[in-house]
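Trainee: I have a structure here, written as structure tokens, and I will follow up with some questions on it.
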Amino acid sequence: MNIVEPTPIQAKSLPLLLDGHDLIGQAKTGSGKTLAFAIPMVEKIDAEQKTLQALVLVPTRELAQQVGEVVEILCRGRHIRSTLIFGGKAMGPQIDALRRGAQIVVGTPGRVLDLLRQEALRPEHISYVVLDEADEMLDQGFAPDVERILGFLPKERQTALFSATVPDWVKETSHKHLRNPESVRIDMRPEDAPKIDHVIYDVAEGQKLPVLRVLLDGRDDESVLVFGRTKHGVKKLAKQLVALGYPAAALQGNLSQNARDAVMADFRARRVPILLATNVAARGLDVEHIGLVINYELPETTELLTHRVGRTGRMGREGDAVTLLAPSDEDKWRKLARTLNGVRIPRKRWVGETPATPAAVNAIPLYEPRPPRNGAKPAPRAPHAQADSRQSRAPQAQDGARHERAPQAHDGARHERSPRAQDGSRQPRAPQAQADSRRPGESQAQERPRRERALRTQDGSRQPRAPQVQDEVLRRAGGRDSAAGDDRRQYGDTWRRNEGRPFSSDARRSESQRRQDIPRRQTLPESVRKTGRSWREDRELLTEEALNTPATPSTSQASDTRPAGQTAEQPRRRRPRRRGRRPQVAA
């Protein structure tokens, strides 16, 4: 790797880690921390043992790929296998790499924890653990998963923490997972300070995009990294710059892993010199040709601000950093300035002309509308749109003119228009048709008296109805109960008092008992039921004397076929029906 002289963090960390001590290492960004923990890790691996022996946890996928490349270079020629484990990729190939005997794993906490729970990653032989960017790994976001992962690992292990910023709470939390750790902190000497010119510009509200365009126009051959706060904000800003003609791309968490890899490959190869990113690119991203870092939006903490600015001026190179402040950012900047530990950043007001932004660029939405799912029903159209479409689909005559459509009733059935008279006026509809159609918004109770009035003549007598019209009226009056018409014919005035509602079974039974003091269901003798009398005459016959007196068979009745010895008064005995096959009798 063409390393001649170790950096200060490497010179102090290598002896302690090779001796087996736990370590907390702190050094500025771009000081060589990856080699400080990777070299001892590779030296401690037993190449003959084809089991997992070392684990490196990092917060982002891009950092995992970058650390994995360094570890892979160190493992060449030593017969040591390493693999990457992180989300966004298929889990099957990663499990296969573990089964083939990977001895070093570099991954993110989420996917590593999933494989541990599935028992695809066996932690019994892990003896070397590294938490890179320890302040981020032990923060509220990653801390639960990291603690669960450390709970799976053996207690007899060596643990190392490395980061550019190590707050006091990180040291307090690390004592739960480290045993008598050694601390290595590299204080920056004046000659070792990064050569980064950081300046803050105060811009008017809504003028960040024009100022950003001026900064991008003044860039040289070096690449530019622009940081935003949210995923959608970064995506919108990238669209605006692309619409203005700038070669820009966005790196944010909503992208798939293949898309993120493609964006980083284009940025590293300088095919896309402008990269807009969220905080996923603030840690560990090492690209040599980044010459300018722009904080388009402020980060949440001073540690993130330090990591953002540290993407330029790495390993002794020079770089520039610009932070844009609008009046709405003043309160947030005051909170960040209190925790800068006395570091003063020059602050200036932006002076100079800014280009005008087209209205179409400003109109780019922050959130894109979601496409409809497969098989989803289209949104319903407005009523006036439906009426317009129905009118537009009216039938055409031979001359191309559209005929008027027939009016539509409330139930969806179309009625033919009434014929016109010679003077052009409409003739009135027939009384039956006028009575049978319910008006819009009219209830059934309001329709019945109007229909009755329409069917009366001038002298007050009722007009005869056609059979089909009468059946239709009975059906409507009785609702869904098909027995409503029978109720009307049977109970007469009682049906009118009930306002046309169909009788329930209890109502029919009580009405029947009230009208006739006999059981509802009666079985009359065959001779009486076939005499041709009306039901009123039959009801008069159903008295106590008629019920107690046996009926006399009529002359028209067929001859009695009762067996000998059984009289007519005695009920006929039915022969029981045989079940199953008749038994066979041997001859």
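Derivation of every value follows stated rules applied to the coordinates shown; laboratory data play no part. Computed from a predicted model, the values in this text were never measured in an experiment. Here the Cβ is made from the backbone with ideal geometry for all residues, glycine too, and neighbour counts use every protein chain on show.
Trainee: With θ set to phi - 60° and the Karplus curve 6.51 cos²θ - 1.76 cosθ + 1.60, what are the ³J(HN,Hα) couplings of the range 277-283 in order, to the nearest whole Hz, using x for Gly and Pro?
Mentor: 9, 8, 6, 5, 9, 7, 10
Trainee: How would the range 195-362 be classified by its alpha-carbon gyration tensor: rounded, prolate or oblate, with rounded meaning a/c under 1.5 and the a/b versus b/c comparison settling the rest?
Mentor: Rounded, since a/c falls under 1.5.
Trainee: Here is a further query. What ³J(HN,Hα) values, in whole Hz, does the Karplus curve 6.51 cos²θ - 1.76 cosθ + 1.60 give for the range 345-352 when θ = phi - 60°, with x put for Gly and Pro?
Mentor: 10, x, 10, 9, 8, 5, 10, x
Trainee: Going highest first, how would you order 109-120, 63-74 by mean Cβ packing within 10 Å?
Mentor: 63-74, 109-120
Trainee: Between D221 and E147, with labels modelled 7 Å along Cα→Cβ, what's the label distance in nm to one decimal, could you check?
Mentor: In this crude spin-label approximation the distance works out to 5.2 nm.
Trainee: Need one word for the range 1-89: rounded, prolate or oblate. Basis is the Cα gyration tensor (sqrt eigenvalues a ≥ b ≥ c); a/c below 1.5 gives rounded, then a/b vs b/c decides.
Mentor: Cα axes put the range 1-89 in the oblate bin.
Trainee: What distance in nm separates the two pseudo spin-label positions at N362 and W350, each 7 Å out from Cα along the beta-carbon direction?
Mentor: 1.4 nm
Trainee: According to the square roots a ≥ b ≥ c of the eigenvalues of the Cα gyration tensor, what is the shape class of the range 222-283, taking rounded for a/c under 1.5, prolate for a/b larger than b/c otherwise, and oblate for the remainder?
Mentor: rounded
Trainee: Still on this structure: Mind checking the dipole of the range 90-236: about its Cα centre, +1 per Lys or Arg Cβ, -1 per Asp or Glu Cβ, Debye to the nearest 20?
Mentor: 680 debye
Trainee: Quickly rank 344-351, 326-333, 304-311 as a protection proxy: mean count of other C-beta atoms within 10 Å, highest first.
Mentor: Put in order of decreasing packing, that is 304-311, 326-333, 344-351.
Trainee: Give the lysines whose C-alpha is closer than 20 Å to that of K236, dropping any in the same chain fewer than 8 places away, or say none.
Mentor: Candidates past the 8-residue exclusion: K208.
Trainee: Now, a different point. Quick one: which residues, 5+ away or cross-chain, put their amide H under 5 Å from the amide H of V226? H built at 1.01 Å from N.
Mentor: Answer set, sorted by chain and number: L275, L276, A277, I294.
Trainee: Take each of the peptides 228-234, 214-220, 38-44, average the number of other beta-carbon atoms within 10 Å over its residues, and list them starting from the highest.
Mentor: 38-44, 228-234, 214-220
Trainee: Also, I was wondering about something else. Among the listed pairs K171/K348; K235/K348; K44/K89; K28/K239, which are separated by more than 32 Å between their Cα atoms?
Mentor: With Cα atoms farther than 32 Å apart: K171/K348; K28/K239.
Trainee: Under a 5 Å amide H to amide H cut-off, with H placed in plane at 1.01 Å, what residues pair with R81 once short-range neighbours are removed?
Mentor: For R81, whose amide H was placed from the backbone, the distant partners under 5 Å are Q103, I104.
Trainee: Here's another thing I want to ask about it. Taking other Cβ within 10 Å of each residue's Cβ, how do K208, K33 sort, fewest first?
Mentor: K208, K33
Trainee: Rounded to whole Hz and in sequence order, give me ³J(HN,Hα) for the range 149-154 from the Karplus expression 6.51 cos²θ - 1.76 cosθ + 1.60, θ = phi - 60°, writing x for Gly and Pro.
Mentor: 5, 5, x, 6, 7, x
Trainee: Provide the FRET efficiency to the nearest 0.05 for the S256-D187 pair, computing r from the beta carbons and using R0 = 60 Å.
Mentor: 0.90
Trainee: Can you list the residues, at least 5 places off or on another chain, whose amide H is less than 5 Å from the amide H of A321, using H built in the peptide plane?
Mentor: Excluding prolines and chain starts, which carry no amide H, the hits are D197, H198, V199, V293.
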